[in-house]
Amino acid sequence: MSAPPPRILLAFHWYSEALHEGALRYALERGWLTRVLNADSVAELEPSACDGILGMLPPPEHPVHRFAQATRAPVVELSLSYPENGRWCRCPSDGDAVGRLAADHLRLRPVASFLFVARDLTPTHAARAAGFSAGLAGDARPRETFLCGDDDESSAVARLAESLRRLPRPVGIFGSVDASARLALDAANRAGLKVPGDACILGFGNRDLVAALAPVPLSSIAIDYRAWGYAAAKLLDERMAGKIPEGACLAFPPVELVVRASTAGETAPHPLCERALAILRLRVRNPPSVDELARLVGVSRSTLNRAFTDAFGRGVAAKGLALRMEVARGLLAAGEKVESVAAGVGFASPRAFRAAFRKTAGCAPGEYPARPTRHRA
C-alpha cells in the first residue's frame, strides 16, 4: 500500500501570483495535497495536521506563525526573518547578490554620493544593505542609510527629503524594495531634485504597479518569482526527505537589472530606440558598431539613425558615445585610474579615451573631480 501524499500548508502573508504558481507547480508534480493557511483556517488544525509548511510567515504574534512554531513539521521560510527559529530552512532572495548588483549599477552613474533606503534593518533588508556596502568597497564617495522606521508615508517622505537636500548631488539611491524606491522618488520631488539628474533611483522586485507605472519609471532588480517559488518547494521536499539538515539556507539569486528612466536618463518614445539603447548600455565595454546594432534590432542602418535623430537629436554613434562618457564620469568620480576607465568603456587606448573625454566633457579625465562638490539647496 502506497504512502499517503504529503500534506503541505502554504502560508504567505503577501500575495504574488507568480510566486504561488511556482510553488504549486512543484506541488502538483509531486502529488502533494496543498492547503492555504490563514488566520481563519489555522484554528481548525492540530499541529500534527501537516507534513510541511512553505511560505513567508507573518509576525510572531499571528496565529499562523504560532502554529508553525508549534508543529514539528519542516518549515521553509522565504526570507531571513525570525532567526530565532533555527530549525527552519530558508530560501530568501540573495541579499548579497542584490546589493552588489545595485552597487555595480549606481557606481557607474556620475553620482556624488550613495543612499540606501529601507523600512528597517530586519535580516532581509540588512543583507541587501551589506551587499550594497560591499559592492561600494573602495569607493571614496560618501554613502548613508535611511530607515523609514514606524513613520507613516508622509512623515517618511518629509524626513527623506531633508536628507536628500544635504547629500552631495547627484545621489545614487538604492531602495531595498520597489516601494522604498518609490518613496525616494516622492522625497526627491519634494526636495526639488530632478530624477534622473539630481538623483538616480533603483529598487528591487520589478513589480510593475510600483516600478514601471511610477511618475518616473523606476529601474529595478528583477527576480523570477515562479522559479523562486518552485525552488523553495523543492527545498521543502528535500528537507522532508532528510536530504538536507534543519536550518539549511538556499539563497535565490536575482535575474537581471531592468533599466528604466530613473537611472538611465533619457528614454525614447519609440520601442526601436529603447531596444537599441538597452544593447548600448549592456555593451559599454564592447560597443557594437552602428551596422551591428542595426542588425541586432532588425532594421537598416539608415532607419536606426533616423529614429535616433528624431528621438534624441543625434545619431546612433553620437548617442552611444554619450552613454559611454556617462559611465566614464561615474568611474572617474569613484577614483578609477584613466587607463582602467578607458578599457571599461571600450576604448583601445587611454590616448583615444582622453581625446574623446576632453571633446565631450570640456576637460581632461585627470581634471574631472574624483569627488564632485556638494550642491546647495
Some residue of the range 274-288 being over 27 Å from Pro196 (Cα atoms), assigned to a helix (DSSP H, G or I) and in contact with a helix residue (DSSP H, G or I) (Cβ under 7 Å, 6 or more places away or on another chain): no
Filter pass, Arg324 being farther than 24 Å from Gly172 by Cα and at pLDDT 85 or above: no
Flag for Arg128 being closer than 21 Å to Leu19 by Cα, basic (Lys, Arg) and modelled with pLDDT of 90 or more: yes
Subset of the range 318-356 that is surrounded by fewer than 21 Cβ atoms within 10 Å (Cβ to Cβ) and basic (Lys, Arg) - its residue that is farthest from Glu367 (Cα to Cα): Arg351
Selection from the range 219-272 of residues that are aromatic (Phe, Trp, Tyr) and assigned to a strand (DSSP E or B): Phe252
Qualifying residue in the range 205-226 (condition: among the aromatic types (Phe, Trp, Tyr), at pLDDT 85 or above and out of contact with any Leu (no Cβ under 7 Å at 6 or more places or on another chain)): no
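Conditions tested, residue by residue: (1) assigned by TED's automatic domain parsing to the domain that holds Ala112; (2) within 17 Å of Asn206 (Cβ to Cβ); (3) buried (at least 19 other Cβ atoms within 10 Å of the Cβ); (4) not hydrophobic (A, V, I, L, M, F, W, C).
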site	(1), (2), (3), (4)
Cys249	no, no, no, no
Thr263	no, yes, yes, yes
Ile279	no, no, no, no
Arg283	no, no, no, yes
Ser289	no, no, no, yes
Leu304	no, no, yes, no
Complete set of residues in the range 104-119 that are free of Cβ contacts under 8 Å to residues at least 60 places away in the same chain and either surrounded by 21 or more Cβ atoms within 10 Å (Cβ to Cβ) or in contact with a strand residue (DSSP E or B) (Cβ under 6 Å, 6 or more places away or on another chain) (or both): Ser113
Given (1) surrounded by fewer than 19 Cβ atoms within 10 Å (Cβ to Cβ); (2) within 30 Å of Cys200 (Cβ to Cβ), index of the condition Glu61 fails: (2)
Residue identified as at pLDDT 95 or above, not β-branched (Val, Ile, Thr) and not assigned by TED's automatic domain parsing to the domain that holds Val76 among Ser154, Ser176: Ser176
Answer residue from the range 232-247, given it is surrounded by 15 or more Cβ atoms within 10 Å (Cβ to Cβ) and out of contact with any Leu (no Cβ under 8 Å at 6 or more places or on another chain) and is farthest from Arg281 (Cα to Cα) among those: Met240
Filtered residues of the range 83-117 (kept if small (Gly, Ala, Ser) and out of contact with any Phe, Trp or Tyr (no Cβ under 8 Å at 6 or more places or on another chain)): Gly86, Gly95, Ala97, Ala112, Ser113
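The values are calculated or read from the model by the stated rules, or taken from the named source; none is laboratory data. Being a predicted model, the structure only gives us computed values, none of them experimental. Positions of Cβ are backbone-derived with ideal geometry, glycine not excepted, and every protein chain shown enters the neighbour counts.
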